[in-house]
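Notes for the one structure printed next.
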Amino acid sequence: MNVDNISFGLAFIVGIISFLSPCVLPLVPAYIGYLGGRLTSKVSSQVSVGAGGQAVLQPAGRNRFTIVAHGLFFVLGFTFVFVTIGLLSTAFVQQVGGRNINLVTDIIGRLGGVLIIFFGLHFMGVLPTLFNRLLSDKSTLANPLVSIVMALVGAAFFLWGFTGGLLPSIYSQLQTTAGTVTQLNWPSVIGLVLAVIYLLWLFLGGAFTNPVRFWSGIIVSLQNGFYADTRRQMTTRGEGYAGSAIMGVIFSAGWTPCIGPLYGAVLTYSANTGDVARAAPLLAAYSLGLGVPFLLTALLLDNAQGILRRLQRHMGTIKLVSGAFLVLIGFLVASGQLQSLSVYLNGQYSEFSINLEEQVVGSISGNTLGQGAPTAVPTAAGMLESISGAAAAASGPVTGTDIGDAAPNFESVTDTGEAIKLADLRGQVVVLNFWATWCAPCKVEMPEFEEAYETNSDKGFTVLAVNNSETLEQVTTFRDQLKVTFPFVMDEQGDLQRLYGVVSYPSTYILDKDGVIIYKQFGPMTAEKIDTMIAQALAS
């Protein structure tokens, strides 16, 4: 897909359609859980107790679409991350502990997941009850163990949030072609600095010399913040939309976007040309289009206010359930499980997503300027082509990139300078993987391919990893970092990418011993999927 042919409107429409992709699924319950908690909190804030203990509904405020506005800011939040991380994914990806991670999204996910848990506890009413008890009986706050525990918990939070562990190393080892290079591990440095600042704040603020005054002030400040956020639900001034934008950022950090033809083409274009001015608006349009169904969901939730008011006697239970669900989502985001689920669905159902997007793009492109689809008129040339095609089918599979086609042959060289020809590998099962060094999902699946290669290379199996138009230095450095041993095929001019019509990374084709495509996938493959497909191919 040529980026020059992608318009802002097309990117927006494809974004809307992408909502149907299975890999969007993990973001939906998280979004509904958050807005549902907001809605419950808003409705309950409009209920007061009148004379005789009867519930009285207060005016709902002049702004009818408060929840929709929160949904809009949520969408803007995940759009910001979607565009930023998409354009700068190479800079953010680093190998840590033998696996490749996106440092920024990992940090946002861990810290933000804890924030989501606090929101859930607030919606449930747990935090207000706890705060009131602590303020009414201040003997607990006077206990020095409280300050000691809070000091340890706070320091651990910063260390774990930025590094994923409690014993971070401020230096990391990077393998390059020139050898091992020692460099600063900046997440560890930032985590340690913040932990030290937090401890100094406790000491200087009086957490150990006057703990009652210090912790009472903290609790009152938190109460005022939560109370102000709740009361703003009843007014038209300052609805706390920044909080919804922050939640959009947090949820998106725990979600892996679907990599379709359009999104993949824009990322490839950005990585190869550095033309952010062209790529960023297209990614933003795609993301905003993806946000349209989320806004419609917010509109439906907003219309449910009347139902919730009629269920006011059960409002306590509703708040408890919605808050508990949000706490669960927070744990999934903080632990990385939400992202793991997204990666799994992206790998399992990516072909469905790709085909859906391609059909939409083809439909729009085929009906430009209001013209309908052309009517097929039989011609002598067409009939001759059909006859030739039938003859070819009778003698063997046609050459192409669909399942059942003979994979197009090519000749190239590996990163070690060895000449390679696909046709020479007949008799072997071949995994043909198209990848790039800036592609984070590529780095996730590479170790799985390496394990399969080491296990099956003596059984008539090999992996050819075709690089996306990068330099020899970039490819060899990547090999050294991941320590893979299967052949890397160079494609500096992009000829092989065009031959196979590759528009997103990673893209993988599995060829049987006759060179026929028996499986293809756009997006990362799981270890289970790789093992299953290879075993089937070797057994046939």
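Looking only at the range 419-428, count every residue that is hydrophobic (A, V, I, L, M, F, W, C) and loosely packed, with under 14 Cβ neighbours inside 10 Å and tell me the total. So that I can check it myself, show each step before the final result.
Pass one, the range 419-428, residues hydrophobic (A, V, I, L, M, F, W, C): 419-420, 422-423, 425.
With the extra rule that they be loosely packed, with under 14 Cβ neighbours inside 10 Å, the set shrinks to 419, 423.
Within the range 419-428, residues that are hydrophobic (A, V, I, L, M, F, W, C) and loosely packed, with under 14 Cβ neighbours inside 10 Å number 2.
Residue under question is ILE107, and the condition is that it be in contact with an Asp or Glu (Cβ under 6 Å, 6 or more places away or on another chain), modelled with pLDDT under 85 and in a helix (DSSP H, G or I); does it hold?
No: the conditions fail for ILE107.
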Might you check whether a residue that is modelled with pLDDT under 65, in contact with a Ser or Thr (Cβ under 9 Å, 6 or more places away or on another chain) and under 29 Å from PHE331 (Cβ atoms) occurs anywhere in the range 200-207? no
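This table checks each residue for (1) in contact (Cβ under 8 Å) with a residue 60 or more places away in the chain; (2) under 29 Å from the mean Cα position of the chain (by Cα).
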| site | (1), (2) |
| --- | --- |
| ASN456 | yes, no |
| ASN467 | no, yes |
| THR476 | yes, yes |
| ASP480 | yes, yes |
| LYS483 | yes, yes |
| PHE486 | no, yes |
| VAL489 | yes, yes |
PHE119 vs. criteria assigned by TED's automatic domain parsing to the domain that holds VAL333, part of a helix (DSSP H, G or I), over 30 Å from LEU184 (Cβ atoms) and at pLDDT 85 or above: no
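Can you tell which of VAL429, VAL413 is among the hydrophobic types (A, V, I, L, M, F, W, C) and in contact with a Leu (Cβ under 6 Å, 6 or more places away or on another chain)?
Working: VAL413 fails: in contact with a Leu (Cβ under 6 Å, 6 or more places away or on another chain).
Selected residue: VAL429, the only one of VAL429, VAL413 that is among the hydrophobic types (A, V, I, L, M, F, W, C) and in contact with a Leu (Cβ under 6 Å, 6 or more places away or on another chain).
Residue under question is VAL126, and the condition is that it be more than 27 Å from the chain's Cα centre (by Cα), assigned by TED's automatic domain parsing to the domain that holds MET247 and in contact (Cβ under 8 Å) with a residue 12 or more places away in the chain; does it hold?
Numbers: more than 27 Å from the chain's Cα centre (by Cα): yes; assigned by TED's automatic domain parsing to the domain that holds MET247: yes; in contact (Cβ under 8 Å) with a residue 12 or more places away in the chain: yes.
Here the answer is yes, as VAL126 does meet what is asked.
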Which of the residues spanning the range 144-179 are surrounded by 14 or more Cβ atoms within 10 Å (Cβ to Cβ) and at pLDDT below 80? PRO168, SER172, LEU174, GLN175
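Within the range 491-509, how many residues are at negative phi and over 26 Å from the mean Cα position of the chain (by Cα)?
Kept after step one, since they are at negative phi, are these residues of the range 491-509: 491-493, 495-500, 502-509.
Okay, now just the ones that are also over 26 Å from the mean Cα position of the chain (by Cα), so 491-493, 495-496, 498-500.
The qualifying residues number 8.
The values are calculated or read from the model by the stated rules, or taken from the named source; none is laboratory data. All of these numbers come straight from a predicted model, not from anything done at the bench. Reconstructed Cβ throughout: ideal geometry from the backbone, glycine too, with neighbour counts over all protein chains shown.
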